[in-house]
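A.B. asks: Here it is, the structure in full.
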Amino acid sequence: MSLKSKSAQDIVITGVGIVSPVGIGLSALTENLRAGATGISKSKFFPGFASPDAVTAEIGDFNEETAKKIYLKEVRRSIKLMCRDIQLGVASALMALEDSKLNMESIDHTRMGVEFGANLMLSEPAVLGGPAVAMSEITGDASFKGWGEAGYSKMEPLWLLRYLPNMPACHISIASDARGPSNSLTLDEASGNVVIGEAVRILQRGAADIMITGATGSYSHPVRTLHLALVKTLLASSPAEPARRSRPFEKDRSGFVVGEGAGTLILETRAHAEARGATIYGRVLSTGAATCVNPDGQPRYQDAVKGALKAALRSAEMEPTDIGHYNAHAAGLPEADAAEARAINEVFGSYRVPVTAPKSYVGNSSAGSGLVELMTSLAGVKAGFIPRTLNYETPDPACDVSIVTDPGVSPALKTFVSMNVTRKGQAAAVIIEVE
């Protein structure tokens, strides 16, 4: 596939839905990015969790009332079956479907599928408290030996349905009557870019005409933040201002800010989109993925990023200089950021590709990261700017890349690559051209 050629078999973006800490909907996201407005603050929803000072990137406008009356109004009877992660994902998909202006009465629903990424969703401590107490009354402590006899019966009746990672795709399929290919992937931060790759291949082989493609996730959770604290990936508690905590590539970075978010793209073949007069945001030129781990299980971030980048460029038949900017994973982890910077320099060579790090706005939402972060670049380039990286004050010689820090930097090219990497060394990249 040549960068310059367009054909009926192109995979194009015809609908966008975004639920993020810096905006719900593409318009709000665009304006907040232009203003350099962060979504990171002290939590109102998750007080007392393991994130230092309860700092997080949460979606303040998404709550029980707005979910029922606005964002999930069409499926409000099913909200009781959805934990917050699922609610965010379904809301983003409904938004994308509305944005796409698909005529739901005339399309062939057997030719519409769903590809969705999600976390392993964890119950809140309040949900588990009763069963734990009941088990301890049998065993003397919170031992699983008492689960069958006393714990299980104390769980809420709909517990399993509220937390399964395939439930976002399930609810979206039911709401849209999508009867085509459906799949759910759980690859932490790499989930969003991988589901795009699967959706593209489904469309390219003719198994569907429309794919509802997205991901939802959250690290803003009492139990998840405890896990992250134990493996030492959370940021330290300085600087004092929450808005300055997320510092990708910066010399004084010390870990990442937890966040939440979801995003959905409606993908179609160009022929199908043009036949119905759809608005086209851009096209997916290619995807690439790689997993690189040492025998002892330690991730090789540099090799994973480099492998995913090269695979995506090779698939698109592009040169590194064909990329307008690089949307970095850049979580703020000292070694991982440095490894990603080295991989960028290896692949792009003397070409100083502009680099943006959206986690400085939205934190790390695990499985939601890929789609949320990709959309910051899509929104920015569509509006004529590359989103700047916040909180980049002291350059780190170990991260010698061209970080975009000034507002209003115009993209020289309308292409970008978006990268995400997991703590297990799984990397996934997507190359998009904005139209």
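The values are calculated or read from the model by the stated rules, or taken from the named source; none is laboratory data. These numbers come from a predicted model, not from an experiment. A quick note on method: Cβ atoms are made from the backbone with ideal geometry, for glycine too, and the neighbour counts reach across all protein chains shown. Surface accessibility is based on the protein's heavy atoms, side chains included, excluding ligands, DNA and RNA. Shrake-Rupley method; radii C 1.70, N 1.55, O 1.52, S 1.80 Å.
A.B. asks: How about segment 408-435: which of its residues are assigned to a loop (DSSP other than H, G, I, E, B), in contact (Cβ under 8 Å) with a residue 60 or more places away in the chain and in contact with a Pro (Cβ under 9 Å, 6 or more places away or on another chain)?
C.D. replies: The answer is P411, A412, T422, R423, K424, G425.
A.B. asks: What are the residue pairs meeting all of these: first residue in segment 202-217, first residue farther than 29 Å from S365 by Cα, second residue part of a loop (DSSP other than H, G, I, E, B) and polar (S, T, N, Q), Cβ atoms under 9 Å, and 6 or more apart or on different chains?
C.D. replies: Q204/Q9
A.B. asks: Filter segment 95-128 down to the residues that are within 14 Å of S176 (Cα to Cα) and in contact with an Asp or Glu (Cβ under 6 Å, 6 or more places away or on another chain), then identify the one that is least open to solvent (accessible area, probe 1.4 Å).
C.D. replies: Applying the filter and picking the extreme gives E115.
A.B. asks: In segment 381-402, is there at least one residue being in contact (Cβ under 8 Å) with a residue 60 or more places away in the chain, crowded, with 24+ Cβ neighbours inside 10 Å and of a type in the set (K, R)?
C.D. replies: No, segment 381-402 contains no residue that is in contact (Cβ under 8 Å) with a residue 60 or more places away in the chain, crowded, with 24+ Cβ neighbours inside 10 Å and of a type in the set (K, R).
A.B. asks: Got at least one residue in segment 221-232 being without any contact (Cβ under 8 Å) to a residue 60 or more places away in the chain, among the basic types (K, R), open to solvent by 40 Å² or more (accessible area, probe 1.4 Å) and over 30 Å from H171 (Cβ atoms)? Walk me through how you get there before you give the answer.
C.D. replies: The initial filter retains those residues of segment 221-232 that are without any contact (Cβ under 8 Å) to a residue 60 or more places away in the chain, namely 227, 230, 232.
Within this subset, residues satisfying the condition of being among the basic types (K, R) are 232.
Still in the running and open to solvent by 40 Å² or more (accessible area, probe 1.4 Å): 232.
Next, only the ones that are over 30 Å from H171 (Cβ atoms) stay: 232.
Checked against the condition, which is being without any contact (Cβ under 8 Å) to a residue 60 or more places away in the chain, among the basic types (K, R), open to solvent by 40 Å² or more (accessible area, probe 1.4 Å) and over 30 Å from H171 (Cβ atoms), segment 221-232 yields at least one hit.
A.B. asks: Now, a different point. How many residues are open to solvent by 30 Å² or more (accessible area, probe 1.4 Å) and without any contact (Cβ under 8 Å) to a residue 24 or more places away in the chain when one looks only at segment 236-273?
C.D. replies: Residues that pass the stated criteria total 3.
A.B. asks: Then there is this: Among the residues of segment 12-33, are any in a loop (DSSP other than H, G, I, E, B), in contact (Cβ under 8 Å) with a residue 40 or more places away in the chain and more than 19 Å from the chain's Cα centre (by Cα)? Break it down into steps so the answer makes sense when it comes.
C.D. replies: Residues of segment 12-33 in a loop (DSSP other than H, G, I, E, B): 21-22, 25.
Narrowing further to those that are in contact (Cβ under 8 Å) with a residue 40 or more places away in the chain: 21-22, 25.
Filter again for more than 19 Å from the chain's Cα centre (by Cα), leaving none.
No, segment 12-33 contains no residue that is in a loop (DSSP other than H, G, I, E, B), in contact (Cβ under 8 Å) with a residue 40 or more places away in the chain and more than 19 Å from the chain's Cα centre (by Cα).
A.B. asks: Right, here's the next one. Please specify each residue of segment 139-169 satisfying the condition of being in contact with a Phe, Trp or Tyr (Cβ under 9 Å, 6 or more places away or on another chain) and part of a helix (DSSP H, G or I).
C.D. replies: Matches in segment 139-169: G151, P168, A169.
A.B. asks: Follow-up question, since we're still on this one. Could you check segment 344-363 and list, in sequence order, the residues that are touching a strand residue (DSSP E or B) at 6+ places or on another chain (Cβ under 9 Å) and of a type in the set (A, V, I, L, M)? Write out each step before concluding.
C.D. replies: To start, the set of residues in segment 344-363 that are touching a strand residue (DSSP E or B) at 6+ places or on another chain (Cβ under 9 Å) comprises 344, 348, 352-363.
Once the filter is applied, which keeps residues that are touching a strand residue (DSSP E or B) at 6+ places or on another chain (Cβ under 9 Å) and of a type in the set (A, V, I, L, M), segment 344-363 yields I344, V353, V355, A357, V362.
A.B. asks: Cβ contacts < 8 Å: first residue at negative phi and among the small types (G, A, S), restricted to segment 65-79; second residue open to solvent by 90 Å² or more (accessible area, probe 1.4 Å) and in a helix (DSSP H, G or I), any location; separation 6+ or different chain. Result?
C.D. replies: Filtered contacts from segment 65-79: A67/R76; S78/I174.
Conditions tested, residue by residue: (1) aliphatic (A, V, I, L, M); (2) touching a strand residue (DSSP E or B) at 6+ places or on another chain (Cβ under 9 Å); (3) modelled with pLDDT under 95.
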position	(1), (2), (3)
M211	yes, yes, no
G214	no, yes, no
H221	no, yes, yes
T225	no, yes, yes
S238	no, no, yes
K251	no, yes, no
F256	no, yes, yes
G261	no, yes, no
A271	yes, no, no
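A.B. asks: Further question on the same structure: Could we say that F49 is farther than 20 Å from L29 by Cβ, in contact with a strand residue (DSSP E or B) (Cβ under 9 Å, 6 or more places away or on another chain), aromatic (F, W, Y) and open to solvent by less than 40 Å² (accessible area, probe 1.4 Å) here?
C.D. replies: yes
A.B. asks: Are there helices (runs of 4 or more DSSP H) fully within segment 296-375 with at least 1 residues that are open to solvent by 20 Å² or more (accessible area, probe 1.4 Å)? List them.
C.D. replies: Values: elements: 301-316, 334-348, 359-362.
Correct list: 301-316, 334-348.
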